[in-house]
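Reviewing the structure listed below.
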Amino acid sequence: MEKYDNIVKSSEIRKLVDKKMYQKALQILDTMEIGKIKVLTDLSVFAEVYMQTERYEDAEKLLLRLRERSNSRRVVYQLIKLSIKRKQAEAAEEYYKEYVAIAPRDSEKYILRYRIDKMKGVDEQALITTLETLKEYDYIEKWSYELAKLYHKAGMKEKCIRECNDIILWFGEGVIVEKARMLKEFYLGKPKQPEENKEDAKVREEENQLKTKDLSSITHEV
């Protein structure tokens, strides 16, 4: 019965983590005996819950336990994240070396490098170089906008505008695209719309009235 309960609870925790509802996931996790859980993927998810709810010591114990059983790329990645959250630069660098050795071709290493360097307070140019290198391997919306912001902070206007244009072109729509558009407009301003003559304005008003009438009719029928 307990084994079945753990399976059900683990499934519920995974669903909550997918929704980033970490506090609710933690409430369930605290009702479980973690020592009896054997599934590595579940333990990795539990470690993420501990990390996101700032239960760092519990997260570290669980990750080190996982590391003894499987020194996988994901476990080392989580150990780096944990070290960054705890601002433990030396530990983060050691785990980063392990990560690169395990996955030398993984573009994620550039994101980790960026996060470690940002935590250490390195200069903007080094951060820019890392994200420019990432862009060569994998163009990721979140990090391309981060690069645009760095260009902005460094006073690199042309590069900032160019990066914003790339984001708009590649990703088309969404929250980050709108942010990139706003950042671009900071430098260039919104393009002026052509003035509408009286005849065009009259036609547009009539069209809007017809649309409103049609919508009213549809709503009434429903």
Quiz prompt | Check on residue 158, free of Cβ contacts under 8 Å to residues at least 12 places away in the same chain, assigned to a helix (DSSP H, G or I) and out of contact with any Cys (no Cβ under 8 Å at 6 or more places or on another chain) | solution = yes
Practice problem: Hey, can you tell me all the residues within segment 161-184 that are assigned to a helix (DSSP H, G or I) and acidic (Asp, Glu)? | Solution: 163, 166, 178
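I'd like the full set of residues that are among the charged types (D, E, K, R), assigned to a helix (DSSP H, G or I) and under 23 Å from residue 110 (Cα atoms), limited to segment 65-89. Write out each step before concluding.
Narrowing segment 65-89 to residues among the charged types (D, E, K, R): 65, 67-69, 73-74, 81, 85-87.
Then keep just the ones that are assigned to a helix (DSSP H, G or I); that gives 65, 67-69, 73-74, 81, 85.
Matches in segment 65-89: 67, 73, 74, 81, 85.
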Quiz item: List, please: which pairs have Cβ atoms under 9 Å, are six or more places apart or on different chains, and start with a residue in segment 86-102 that is among the hydroxyl-bearing types (Ser, Thr, Tyr) and end with one that is surrounded by 15 or more Cβ atoms within 10 Å (Cβ to Cβ) and not in a helix (DSSP H, G or I)?
Solution: 99/106
Quiz item: Could you count how many residues in segment 3-47 are open to solvent by 80 Å² or more (accessible area, probe 1.4 Å), acidic (Asp, Glu) and part of a helix (DSSP H, G or I)?
Solution: 1
Quiz item: How many of the residues making up segment 43-85 are of a type in the set (Val, Ile, Thr) and either over 19 Å from residue 19 (Cα atoms) or in contact with a His (Cβ under 6 Å, 6 or more places away or on another chain) (or both)?
Solution: 4
Quiz item: Counting only residues that are touching a Lys or Arg at 6+ places or on another chain (Cβ under 8 Å) and within 24 Å of residue 87 (Cβ to Cβ), which one in segment 118-166 is most open to solvent (accessible area, probe 1.4 Å)?
Solution: 124
Quiz prompt | Residue list for segment 54-64, restricted to those being crowded, with 17+ Cβ neighbours inside 10 Å and assigned to a loop (DSSP other than H, G, I, E, B) | solution = 55
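Yes or no, residue by residue, for (1) in contact with a Lys or Arg (Cβ under 6 Å, 6 or more places away or on another chain); (2) within 30 Å of residue 133 (Cβ to Cβ); (3) of a type outside the set (Gly, Ala, Ser):
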| position | (1), (2), (3) |
| --- | --- |
| 11 | no, no, no |
| 23 | no, no, yes |
| 51 | no, yes, yes |
| 65 | no, no, yes |
| 72 | no, yes, no |
| 94 | no, yes, yes |
| 98 | no, yes, yes |
| 116 | no, yes, yes |
Exercise. Please indicate, with yes or no, whether at least one residue in segment 189-198 is modelled with pLDDT of 95 or more, over 18 Å from the mean Cα position of the chain (by Cα) and surrounded by fewer than 18 Cβ atoms within 10 Å (Cβ to Cβ).
Key: no
Practice problem: State the number of residues belonging to segment 167-188 that are of a type in the set (A, V, I, L, M) and open to solvent by 90 Å² or more (accessible area, probe 1.4 Å). | Solution: 4
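The values are calculated or read from the model by the stated rules, or taken from the named source; none is laboratory data. What you are looking at is a predicted structure, and each value in this text was computed from that prediction instead of being measured. Ideal geometry is used to build each Cβ from the backbone, glycine not excepted, and the neighbour counts take in all protein chains shown. Note: accessible area is taken over every heavy atom of the protein model, side chains too, but ligands, DNA and RNA are not part of it. Shrake-Rupley method; radii C 1.70, N 1.55, O 1.52, S 1.80 Å.
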